[in-house]
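So the structure is just underneath, and the comments pick up after that.
The values are calculated or read from the model by the stated rules, or taken from the named source; none is laboratory data. Just so you know, these numbers come straight off a predicted model, no measurement behind them. All Cβ positions, even for glycine, are placed from backbone atoms using ideal geometry, and neighbour counts span all protein chains on display. Accessible surface is based on the protein model in full, side chains and every heavy atom, while ligands, DNA and RNA are left aside. Shrake-Rupley method; radii C 1.70, N 1.55, O 1.52, S 1.80 Å.
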Amino acid sequence: MKRYILIIALLLLSVSAFAQAKKPTIMILPSDAYCSRNGYTTEWIDENGNVNTVSDLSNIFKQDDIEDLRLVISELSQIMAERGFPLKDLEQTLKSIQQESVEMGLLESSTSGAYITESMIDKVKRTAKADIIMDLDYTVMQKGPQRYISYNLRGLDAYTNKVIAANSGVGSPSTSAPVNLLLEEAVLNYMDSFCAQLMSHFEDMSENGREIVVKFRVWDNADLDFETEFDFEDEYLELIDIISYWMEDNTVNHAPTRTNASATYISFEQVRIPLYRERNGRMSALDARGFANGLRSYLKKEPFLIESKIYERGLGEVWIIIGEK
């Protein structure tokens, strides 16, 4: 009898642990196609005079005709919440961004002289710090007196924008159902499979690390570059090699891909960083800036004594610019 009680207790403990397993944090965003089709875009001109059109979410919830989108996002959020996925609210995130007293300004690249600015989408991702973006495009179609919904739903890694899950389809026509119920009817049969794909990706990140991009640049008034040599571990090495060793030592896979390297510019892709780090005796989330700050602190110490600045370009890309802060 005691043996059976023990077995049941172990089974209950396993179920409890599985139920409490961490799931990725999700944010639902209207897709670029949806924003373009409905006029929620803005234009900017790059250094070559080219006009670029990007999605602009800054005032999307202040529009008079946005109630359908609000209902659709709310319905999809409820569907995900019922499956245990933590959600970040887009509308509240936008309010948080708009309340910031200081917006990120322009930054000049010392190598190319180009100016860059952060798009609203990148601001949303950086502020919310969601693991996965659910990229939603939908259209309400009319067939006589009936309405139905056509949708395209993609799960994107918020750091890399890689598609990790996808589903599309058309719902059944209805003469009376509101748009949120039209969406529910269209997607409900596919959500378990969709969520399984999201979890598979998140479990891979938990085991193999989150993927980011790290780039290094040099201020044009710096008195050193990446070919400057230092007495390091009983040999003279160029700074570029010292940085490469640090990147290898501190990434999950110990094999970040160095795609470009020169005296003034280094680029690493497929940089796998842990999801969490231990700090003050507890585990806390590690993002791209936190990872880069570890290298910035390392370079500031002996024998390097190098000042540097960290610039976050979106959520999954970070620059370290050496020479001054």
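A few notes on this one:
- Evaluating 6.51 cos²θ - 1.76 cosθ + 1.60 at θ = phi - 60° for every residue in the range 124-129, the Karplus couplings come out as 4, 5, 5, 6, 6, 6 Hz, glycine and proline recorded as x.
- Filter on Lys62/Lys88; Lys23/Lys62; Lys62/Lys123; Lys88/Lys162; Lys95/Lys123; Lys215/Lys300 - keep pairs with C-alpha separation over 23 Å: Lys23/Lys62
- Accessible area of the range 197-299 belonging to carbon and sulfur atoms, whole % at 1.4 Å probe: 39 percent
- What the phi angles of the range 292-304 give under the Karplus curve with 6.51, -1.76 and 1.60, with θ = phi - 60°, is a coupling list of 5, 5, x, 6, 4, 5, 4, 6, 7, 8, 4, x, 8 Hz, glycine and proline written as x.
- With every protein chain in place, the range 116-188: carbon and sulfur % of accessible area (1.4 Å): 49 percent
- Using the 1.4 Å probe convention, the accessible area of the chain works out to 54 Å² per residue with neighbouring protein chains retained.
- Adding -39500 (n - 2.57) for every DSSP H run of four residues or longer, then dividing by how many residues the chain holds, sets the calculated 222 nm ellipticity at -10500 deg cm²/dmol.
- Answer label for volume of the Cα convex hull per residue in Å³ (calculated), chosen among (i) 190; (ii) 446; (iii) 171: (i)
- Longest segment of the chain lacking GluC sites (Glu not before Pro) that sit in a DSSP loop with at most 10 other Cβ atoms within 10 Å: 104-232
- Nearest-10 value in Å² for the accessible area of Tyr40, using the 1.4 Å probe: 20 Å²
- Of Met205, Met283, Met141, the residue with the greatest mean-square motion in the GNM of the chain, using alpha carbon springs below 10 Å, is Met283.
- Within a Gaussian network of the chain (alpha carbon springs, distance under 10 Å), most fluctuating of Asn293, Asn250, Asn59: Asn59
- Degrees, to the nearest 10: 239-250 long Cα axis against longest axis of the chain: 40 degrees
- Within the listed set Ile79, Ile66, Ile306, the residue fluctuating most in the Gaussian network model of the chain (springs between alpha-carbon atoms under 10 angstrom) is Ile66.
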